[in-house]
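Okay, structure first, notes after.
The values are calculated or read from the model by the stated rules, or taken from the named source; none is laboratory data. Only a predicted model underlies this, so the values are computations on that prediction, with no experimental measurement involved. Positions of Cβ are generated from backbone atoms using ideal geometry, with glycine treated the same way; all protein chains shown enter the neighbour counts. When the accessible area is computed, the model is the full protein with side chains, heavy atoms only, and any ligands, DNA or RNA have been set aside. Shrake-Rupley method; radii C 1.70, N 1.55, O 1.52, S 1.80 Å.
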Amino acid sequence: MEQTKRGFGAWGWFLLIFGLLIFFSNGGFFADGTNVISPAVAEKLNVDQSLILTMNSIAGVIGVLVAIVAGQVNQRIGPSKVAAGCLILAGLGHIAAGNAVNVPMYLIAMCCVGGGLSAGSFVGIGTLVAMWFPKKQGQAMSVVAMGSNLGTMLFVPLLTVMEGAMGIGTSSMICGIVAVVVGVIGAILLRNTPTERGLYPDNVTEAEFKANYSTKPPEVSDAGWTTGKLLRTKEVWLCVFATGLLMLVQMGIMTQLVSRNMEVGMDLGMATGVMSAIAVIGIIGSVIFGRIVFKLGIKKAGVLTGVLYIIAMLCNVSGIMPLVWVSLVIIGFLGAAAPNLMNSVPGSVFGRVGYAKVNSVVFPLTSIIFMLNFAVNGLIKQLFNSLSVAYIVFAVLAFISILLILALQDHKYDQDYMAAHKK
């Protein structure tokens, strides 16, 4: 309880706010922000908007390759530089995307945006949170993940107003410069581990650290892991598929939510407005989910997430409007749950020591799985001309995720946990 009472600490809060801003940028620059950027760039370049949307999809796939590279760089220069550098790269990419003079330039720019923010969020920030808050990772990630919902709620309307007043070029220039400045501040002030600030993980006291944590330095130790050894480890694949499937469900719902809302009878204005309402619910849900993780633990929180997704999908597929609204509230509440678990689950199983090496393998594999959401939605839409079947598929995937989470042995390789429970 002592570590909880001490909170995150001033430098810990700096890290979490910086992480929140990266997640905010991810939601604003690449995910929901493309609703504003894509039509504006298409009009500017005099091309069909579908071509620009295709470039966004390609950029998302290439982002997985960027994440693989970032995972290797992360082990060499540390997550603080990776997180800050990726935000700077994304800021420069956002400037270039809004001022693109042709489609290839736009594609390259969006690769920098998508790849930079994905790697910065889940490789850079994900590793930093594991280093700084190994036993409070779920709570810490609940703060960071709020950035995605804030990006949806605040950035998209702001960019819409700016684009209408100044054009997409100037708007992107301003937003990109702000991101670069924040990235530079992070590069100067962020540290890879709390030790570099004279602090201890989870903001505990020196006495508690010596009694309950491994003394092995995580920044120079891979805990004996190699890429080959990790790929042969069952827990790696359990983490990858358990969290990857939940992320696939989350992204699959959100990328087609407006279309699905219109299928159940909403007009375009209401269907779009629900997105903003869900973002607000998501901010509240992120805080509550952090407390759930603390009270129940990672495994039970993961199982609860899967169960709630199944309930939401079945309510939505029913087509009964009161149940549809229940499903939308649940979807909003779970907005930050899957991104939280994507870092927290492997962090809980493998622990702080060697996490950078573990994450360099786990995250790219997880990314490949959740990026399939576009293919799943597209194939089902083509075959059935309805997203109802997709929601049934998502319910099945959530159930599979529950089984995989239950199969995980929590703290199996967590050296801090072993130190705290040694005889």
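Give the cross-link partners of Lys229 among the aspartates and glutamates, using a straight C-alpha distance below 20 Å as the criterion and excluding same-chain residues fewer than 8 apart.
Glu219, Asp410, Asp414
Give me the percent of the accessible area of the chain that comes from carbon and sulfur atoms, probe 1.4 Å, all protein chains in place. Walk me through the numbers on the way to the answer.
Details: 11630 of 16590 Å².
Solvent-exposed carbon and sulfur of the chain make up 70 percent of the total.
With each label point set 7 Å from Cα along the Cα-Cβ vector, what nm distance links Ser276 and Leu158?
Reported label-point gap for Ser276 and Leu158 is 1.5 nm.
Let me cross-check Met173: its accessible surface, 1.4 Å probe, with only protein heavy atoms counted, in Å² to the nearest 10?
80 Å²
Work out how much length Leu406 to Val47 would gain on full extension: take 0.36 nm times their residue separation and subtract the Cα-Cα distance, in nm to one decimal. Each step should come with its number before you reach the end.
Values: separation 359, 0.36 × 359 = 129.24 nm, distance 4.89 nm.
The Leu406-Val47 span can extend by a further 124.4 nm.
Gap in Å between the Cα centre of the stretch 57-126 and the Cα centre of the stretch 136-155?
One Cα centre to the other: 19 Å.
Please go through the stretch 145-245 and write out the trypsin sites (Lys or Arg not before Pro) that DSSP classes as loop and that have at most 10 other C-beta atoms within 10 Å. Mind showing how you got there, number by number?
Working: sites: Arg191, Arg197, Lys210, Lys229, Arg232, Lys234; in loops: Arg191, Arg232.
Those satisfying the criteria are Arg232.
What base-10 log of the normalised intensity I(q)/I(0) is obtained for the stretch 1-160 from the Debye formula, alpha carbons as equal point scatterers, at q = 0.19 Å⁻¹?
The Debye formula, applied to the Cα set alone, gives -1.10.
Accessible area per residue, 1.4 Å probe, Å², for the chain: what's the number? Write down the numbers at each step before the final one.
Working: 16590 Å² over 423 residues.
Heavy-atom accessible area per residue stands at 39 Å².
To the nearest 500 deg cm²/dmol, what mean residue ellipticity at 222 nm is calculated for the chain from DSSP H runs of n ≥ 4 alone, each contributing -39,500 (n - 2.57), summed and divided by the residues? Write down the numbers at each step before the final one.
On the way: 21 runs with 325 residues, N = 423.
Mean residue ellipticity, 222 nm, calculated: -25500 deg cm²/dmol.
Can you list the HN-Hα couplings for the stretch 247-252, worked out from phi with the Karplus curve (6.51, -1.76, 1.60; θ = phi - 60°), rounded to whole Hz and with x for Gly and Pro?
For the stretch 247-252, the Karplus curve yields 5, 4, 4, 4, 5, x Hz.
Choose one answer from Asp410, Asp32, Asp267: the residue with the largest mean-square fluctuation in a GNM of the chain with alpha-carbon springs under 10 Å.
Top of the fluctuation ranking is Asp267.
Show Glu263, Glu208, Glu43 ordered by accessible area, largest first, where the area counts protein heavy atoms only and the probe is 1.4 Å. List each step's numbers first, then the result.
On the way: Glu263 70, Glu208 35, Glu43 150 Å².
If we order Glu263, Glu208, Glu43 from most to least accessible, we get Glu43, Glu263, Glu208.
With r defined as the distance between the Cβ atoms of Met321 and Leu189 and R0 fixed at 56 Å, what FRET efficiency is calculated, to the nearest 0.05? Working shown, then result.
Numbers: r = 50 Å, r/R0 = 0.88.
According to the calculation, E is roughly 0.70.
Probe 1.4 Å, all protein chains in place: accessible area of Ile368 in Å², nearest 10?
90 Å²
Springs between alpha-carbon atoms under 10 Å, Gaussian network over the chain: tell me which of Gly244, Gly33, Gly306 tops the mean-square fluctuations.
Judging by the Gaussian network model, the answer is Gly33.
Distance cut-off 29 Å, Cα to Cα: go down the list Lys300/Lys357; Lys81/Lys300; Lys136/Lys381; Lys136/Lys210; Lys299/Lys357 and report the pairs above it.
Values: Lys300/Lys357 26 Å; Lys81/Lys300 33 Å; Lys136/Lys381 41 Å; Lys136/Lys210 17 Å; Lys299/Lys357 22 Å.
Among Lys300/Lys357; Lys81/Lys300; Lys136/Lys381; Lys136/Lys210; Lys299/Lys357, the Cα-Cα distance tops 29 Å for Lys81/Lys300; Lys136/Lys381.
Hey, what do the phi angles of the stretch 186-194 turn into as Karplus ³J(HN,Hα) couplings, whole Hz, using 6.51/-1.76/1.60 and θ = phi - 60°, x for Gly and Pro?
Coupling constants for the stretch 186-194: x, 4, 7, 9, 5, 10, 5, 9, x Hz.
As a test question: what accessible area, to the nearest 10 Å², does Leu189 have when a 1.4 Å probe is rolled over all protein chains in place?
In the full protein context, Leu189 sits at about 60 Å².
When 1/r is averaged over all different Cα pairs and the result inverted, which Kirkwood radius in Å belongs to the chain? Provide the component values of the computation, followed by the final result.
Working: mean 1/r = 0.0465 Å⁻¹.
Result for the chain stands at 21.5 Å.
Between Leu379 and Ile177, with labels modelled 7 Å along Cα→Cβ, what's the label distance in nm to one decimal, could you check?
Label at Leu379, label at Ile177, 4.7 nm between them.
Using only the heavy atoms of the protein chains and a 1.4 Å probe, how would Val61, Val362 rank by accessible area, largest first?
From most exposed to least exposed: Val61, Val362.
Given H placed on each backbone N at 1.01 Å, which residues far from Lys216 in sequence or on other chains put an amide H within less than 5 Å of it?
Long-range HN contacts for Lys216: none found.
How would the stretch 293-384 be classified by its alpha-carbon gyration tensor: rounded, prolate or oblate, with rounded meaning a/c under 1.5 and the a/b versus b/c comparison settling the rest?
Details: a/c = 3.74, a/b = 1.49, b/c = 2.50.
Here the stretch 293-384 falls in the oblate category.
Expressed as a fraction of 2.2 N^0.38 Å, the rule-of-thumb size for a compact globular protein of N residues, what is the C-alpha radius of gyration of the stretch 147-216?
Working: Rg = 20.0 Å, N = 70, 2.2 N^0.38 = 11.1 Å.
Normalised Cα radius of gyration, the stretch 147-216: 1.81.
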